[in-house]
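Here it is, the structure in full.
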Amino acid sequence: MVANDRREFQRLHLAKPILALMDGQNALILDIGVGGAYIEHYGALASGARFRLLFRWRGEDVEFLCEVRRSYVIRQGGDSLSIVSHSGVSFVEAIGDSETRLNDMMATFVGRVLAAQRANASGTQQGSESLPLTQLGGARRARTRGWMAFRYKDGTWRRTLATSPTQPPDGFTVAAYEEEDELAMLCRSYEAANDEGRRLIRLLAELSARTVVTS
């Protein structure tokens, strides 16, 4: 599924970069999404170059074969080892259970950010980070075909079957199997969120949408 998906995904900007290895060399992950990442590394890379990116989440390895989409040098040096670059990369292939671990990490990160936004808006202390759809891959969620799009306009939700996992600018798209109470809670969260919060909700929805089997 990862290898065939060339869509541009929402990415989460990390307040604290993740230390990673890029073909064994140190790198920093600055932004990350369900389909790719934005990394800082030594050396220059050409568009289309491939490498393995490895980092850890909750004590487990997360590793992807990556392909460079774009790259530019931010600091020149006397040799290739002193050049520093920023590169946007796509995840081409997940190694082992890395896709599941990435989903878990993204759901946790987004849940924390949205919970903090809700706490700031209400003037209360940050509570539980649990949000709809964050517990991905439960036993009740047998992989299913199809998506459901939710679009919010003039205070009203419009719900339709979708033919792709594309996230609309005025709502979100999830897998068709999601439960009604979670969807209702996600709609309420979307209504109360600011623009950045809504972008993060779409990122969260992508975690659900990408679990759909398409072939």
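Can you pull out every residue in the range 18-28 that is under 20 Å from Leu81 (Cβ atoms) and surrounded by 11 or more Cβ atoms within 10 Å (Cβ to Cβ)?
Leu19, Ala20, Leu21, Met22, Asp23, Gln25, Asn26, Ala27, Leu28
Further question on the same structure: Find the residue count for the range 163-188, including only residues that are more than 18 Å from the chain's Cα centre (by Cα) and either of a type in the set (Ser, Thr, Tyr) or under 16 Å from Leu12 (Cα atoms) (or both).
2
Which one of Ser215, Ser164 is modelled with pLDDT under 85, assigned to a loop (DSSP other than H, G, I, E, B) and surrounded by fewer than 16 Cβ atoms within 10 Å (Cβ to Cβ)?
That would be Ser215, the only listed residue that is modelled with pLDDT under 85, assigned to a loop (DSSP other than H, G, I, E, B) and surrounded by fewer than 16 Cβ atoms within 10 Å (Cβ to Cβ).
Can you tell me which residues in the range 175-189 are modelled with pLDDT under 90 and not in a loop (DSSP other than H, G, I, E, B)?
Our first condition is that a residue be modelled with pLDDT under 90; within the range 175-189, this holds for 175-186, 188-189.
Result: Ala175, Glu180, Asp181, Glu182, Leu183, Ala184, Met185, Leu186, Arg188, Ser189.
Could you tell me whether Leu14 is outside any loop (DSSP other than H, G, I, E, B), modelled with pLDDT under 90 and of a type outside the set (Gly, Ala, Ser)?
So Leu14 passes the test.
Identify the single condition in (1) surrounded by fewer than 18 Cβ atoms within 10 Å (Cβ to Cβ); (2) at pLDDT below 95 that Glu99 does not satisfy, given that it satisfies every other one.
Failed condition: (1).
Looking at the range 64-73, is at least one residue surrounded by fewer than 17 Cβ atoms within 10 Å (Cβ to Cβ), of a type in the set (A, V, I, L, M) and closer than 29 Å to Val212 by Cα?
For the range 64-73, residues surrounded by fewer than 17 Cβ atoms within 10 Å (Cβ to Cβ), of a type in the set (A, V, I, L, M) and closer than 29 Å to Val212 by Cα: absent.
This table checks each residue for (1) hydrophobic (A, V, I, L, M, F, W, C); (2) modelled with pLDDT of 90 or more; (3) surrounded by 19 or more Cβ atoms within 10 Å (Cβ to Cβ).
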site: Met1; (1), (2), (3): yes, no, no
site: Asp31; (1), (2), (3): no, yes, no
site: Gly35; (1), (2), (3): no, no, yes
site: Arg50; (1), (2), (3): no, yes, no
site: Leu54; (1), (2), (3): yes, yes, no
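The values are calculated or read from the model by the stated rules, or taken from the named source; none is laboratory data. Everything numeric in this text was worked out from a predicted model, so none of it was measured. Quick reminder, even Gly has a Cβ in these numbers, built from the backbone with ideal geometry, and neighbours come from all protein chains shown.
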